[in-house]
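Okay, structure first, notes after.
The values are calculated or read from the model by the stated rules, or taken from the named source; none is laboratory data. Just so it is clear, the model here is predicted, and its values are computed rather than measured. Note that we place each Cβ from the backbone using ideal geometry, even for glycine, and neighbour counts take in every protein chain shown. Only protein heavy atoms, including side chains, enter the accessible area calculation; ligands, DNA and RNA are left aside. Shrake-Rupley method; radii C 1.70, N 1.55, O 1.52, S 1.80 Å.
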Amino acid sequence: MTVYDTARDTAGDTSSDTRLEDATIAYSKAPSAGQPVLRVERLGKIFGDQNLAAVAHTGPNAGTEKSPDGNSVVAAWDVSFNVAAGEAFGVIGESGSGKSTVMRAIAGDHSSTAGSVWMQRRDGSTVDLLTMTASERRALRVDELSVVYQDAAEGLDLGVTAGGNVADRLTAAGWRNFGQIRERAAELLGRTEVPLERMDDLVRTFSGGMRQRVQLARALANRPPIVLLDEPTTGLDASVAAGVLDLIRSLLEELGIAAVVVSHDFAVIEMLTTRCMVMQHGRVVEQGLTDQLFEDPQAPYTQRLVAAARA
Amino acid sequence: MSATLAETLDAVVGAEPGGAATLADLVTEPVDPGILDEHAKREVRRAILTAVCVPGYQVPFGSREMPVARGWGSGGLQITLAIVGVDDVVKVIDQGDDEGVNAVNLRRLVINTTGAVETTEVDEATVIQTRHRIPEDPLSPDQTLVLQVPVPEPLRGVERNMATLAQMHAEADYARMWVSLYEDKVRNGVITKSTGYPCLVGGRYVIATTPIPRWDIPRLHQAPFLSLFGAGRERKIYAIPPDTDVEPLTFDDVPFEVERTPGASCSLCRASEAYLVEIPPSSFGAADGRWICSDTAWCRRRRSEDNLS
């Protein structure tokens, strides 16, 4: 399988058959790369029968992620990438390409078949998220790793007020002073541009764009070093999506939070990320600097995607 | 008891008393079925022991059918039946009242089937079964309080999924309980949750304090006596052992307050330092006031002491 390396050294050899692990090494030399806060190594997830033999018969070359016997789906395989502190990394691909699988594996929403996800913790130690217990991961989600879901109902309690949804994360982190909780929730909702007069309304009564803003406020409540954004603006109408994107970008920059942004939408990846990777049939087909990747796509699949988006 | 049983059985099958092969002859061992058989009592006691060992943890138990409907104190009744013997003195109160219909019926049931002795005086009782109150008088270490619990799950209001609830308790993840208090305060300006206020027991498990009023909550903290909570319908038993911390979930800057009506006093005994309940005008001949003590035995004793002095 060929992985195209868009962030290639233009003066040097640009052998196009660089294996994924080599490509990963190449990225650690990328100009913006600091100490990685997240290091995904050869992550793999097979749904259905855990049949490793299915891997050889799937992927872009096979043109499918489903095993020949139909009993396994290799949703993601051999996925590796680094995210530096404060950096936004994009994962792009069409529906079923495995990008959400990668995100859910990192978030701990489901178990993984192979690989590791190393994360640098606040105390400087490094842990493999995939070997943590479910309750350890939930603890991590309180203040070190937040997720913003496409469907706000997954990330929010719709029967609770906007302020209450933010308060949930604060109380989980041990806040016990009502005045401070209220103040902090108002501050966060203010930053994510939720009108304060709506702070005490149930999220169920909110529009899609407003719900995403509440999700953002909740995700940022305890200032996590890493945020995962899964299609954060999909399903919003264009003008609302643009506003939410603007907000995400400025917040990430301002707070210096590292992000993994998953989207099928080029505009989202282009606006938010400096580096990204393209997935197809559960594999990474190309990764590199976002600008270069869109200007000069190497993989045929990426070329088709870019052409379709530019059309 | 065996003779009585044999006679009863004789009567049922229509045998001649003293006849040759009456059922009385067939009953070789004295049998006192009571309401709970010994196996059931043992099962309840085991659940109680677990509950005492893990304060605040809801222990599942079998919850047999009782001669009262579930929801009418069947959980408390099973605990009482499992722990009382002929040496025990039992007091039963319903909303603080020994003479409530349910209290009287449960007390009779316990007395008639166990041989324990009944009382309405707190200091005489060894076991006090109660619905919704703790007696005003302080209890001693050799007394056991048995509370009837309708809803043992404190998180029921914020989560319906049983698996998620178990997980939340296992991880001591009570954030959503705090959110419900936050929402209460935001919506109403004060925390309106009054009865069954959620409390952290022994720094670990949050419990539902049954519908006892907030007034009684501070008296569970570091109490000298054992409290046993029985929920018959939900098949759960939990406990607060003596000398255990019981802290109502309270924001640092919003003090926990007990119910108090300024200026109110009992229209019978004039007490203002007790938990008072509002009564309709002209009830109990108390046309001159709207409040009486919830704990009737306490109120009665105060009045008799007044008369003596």
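Suppose we look only past 17 Å in the calculated P(r) of the range B:235-279. What percent of the Cα-Cα pairs does that tail hold?
Working: 601 of 990 pairs.
Beyond 17 Å sits 61 percent of the P(r) for the range B:235-279.
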Subject >> Within the accessible area of the range B:154-309 (1.4 Å probe), percent carbon and sulfur >> reply: 51
Original post:
Given the protein chains as shown and a 1.4 Å probe, how many square angstrom of A:E253 are accessible, to the nearest 10?
Top reply: 140
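Relative contact order for chain A: what percent, with Cα pairs under 8 Å and sequence separation of 6 or more? Intermediate values should be presented prior to the final figure.
Numbers: 612 pairs, mean separation 79.6, N = 311.
Computed over chain A, the figure is 26 percent.
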Original post:
Say we join alpha carbon atoms closer than 10 Å with springs in a Gaussian network model of chain A; which of A:A238, A:A88, A:A107 then has the biggest fluctuation?
Top reply: A:A238
Original post:
Taking the protein assembly as shown on its own, what percent of its Cα-Cα pair distances exceed 45 Å?
Top reply: 41
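If you take the alpha carbon radius of gyration of the range B:58-158 and divide it by 2.2 N^0.38 Å, what ratio comes out, to two decimals? Mind dumping the intermediate values first?
On the way: Rg = 13.3 Å, N = 101, 2.2 N^0.38 = 12.7 Å.
Rg over 2.2 N^0.38 Å, computed on Cα atoms: 1.05.
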Original post:
When the accessible area of the range A:99-198 is computed with all protein chains present and a 1.4 Å probe, what percentage of it is carbon and sulfur?
Top reply: 45
Original post:
Along the charge dipole of chain B, which of B:T80, B:H169, B:A125 sits closest to the positive end, that is, farthest toward it, with unit charges on the beta carbon of Lys, Arg, Asp and Glu (+1, +1, -1, -1)?
Top reply: B:H169
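Subtracting the Cα-Cα distance from 0.36 nm times the residue separation, let me have the gained length for A:A308 to A:D237 in nm, one decimal. Mind showing how you got there, number by number?
Numbers: separation 71, 0.36 × 71 = 25.56 nm, distance 1.98 nm.
Using 0.36 nm per residue and subtracting the Cα-Cα distance, I get 23.6 nm.
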**OP:** Identify all lysines with a Cα-Cα distance to B:K193 below 21 Å; exclude those on the same chain that are fewer than 8 residues away in sequence.
**Re:** B:K185
Subject >> Estimated D of chain B in µm² per second, where Rh is the Kirkwood radius over Cα pairs and Stokes-Einstein applies at 10 °C, 1.306 mPa s >> reply: 75
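Taking the Cα centre as origin and putting +1 on Lys and Arg beta-carbons and -1 on Asp and Glu beta-carbons, what dipole magnitude results for the protein assembly as shown, to the nearest 20 debye? Can you show the working numbers first?
On the way: 60 positive and 85 negative charges, 151 e Å.
That gives the protein assembly as shown a dipole magnitude of about 720 debye.
For B:G75, what is the net charge nearby, where nearby means another residue's Cβ is under 15 Å from its Cβ and Lys, Arg count +1, Asp, Glu -1?
Values: positive: B:K41, B:R45, B:R64, B:R70, B:R131, B:R233, B:R235, B:K236; negative: B:E43, B:E65, B:D94, B:E153, B:E234.
Around B:G75, the surrounding residues sum to +3.
Taking a ≥ b ≥ c as the square roots of the Cα gyration tensor eigenvalues, with a/c under 1.5 meaning rounded and otherwise prolate when a/b beats b/c, else oblate, which class fits the range B:169-279? Present the calculation step by step, with values, prior to reporting the outcome.
Working: a/c = 1.90, a/b = 1.26, b/c = 1.50.
In terms of gyration-tensor shape, oblate.
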**OP:** Straight distance only, please: which lysines reach the Cα of B:K91 with their own Cα at less than 19 Å, same-chain residues fewer than 8 apart left out?
**Re:** none
Original post:
Averaged over peptide B:242-252, how many Cβ atoms belonging to another chain are found within 10 Å of each residue's Cβ?
Top reply: 2
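What quantity of accessible surface, computed with a 1.4 Å probe and excluding non-protein components, is buried in total between chains B and A, in Å² to the nearest 100?
On the way: alone 15520 and 13440 Å², together 27430 Å².
The contact between A and B buries close to 1500 Å².
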Original post:
Under the Kirkwood approximation applied to all pairs of distinct alpha-carbon atoms, what is the hydrodynamic radius of the range A:115-256 in Å?
Top reply: 15.6
Original post:
In the range A:118-140, which residues give up 20 Å² or more of accessible area once the other protein chains are added, compared with their chain alone (1.4 Å probe)?
Top reply: A:S135, A:R138
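Taking only the Cα atoms of chain A, how large is their convex hull per residue, in Å³?
It comes to 133 Å³ per residue, whole-number rounded.
Report for chain A the percent antiparallel among DSSP-assigned beta bridges with both residues inside it, nearest 5.
Working: 26 of 46 bridges.
So the antiparallel bridges amount to about 55 percent of the total.
Order the peptides B:233-239, A:132-138, B:113-119 from the highest to the lowest mean number of other Cβ atoms within 10 Å of their residues. Mind showing how you got there, number by number?
Details: B:233-239: 23.4, A:132-138: 13.6, B:113-119: 17.6.
Most protected by this proxy first, the peptides run B:233-239, B:113-119, A:132-138.
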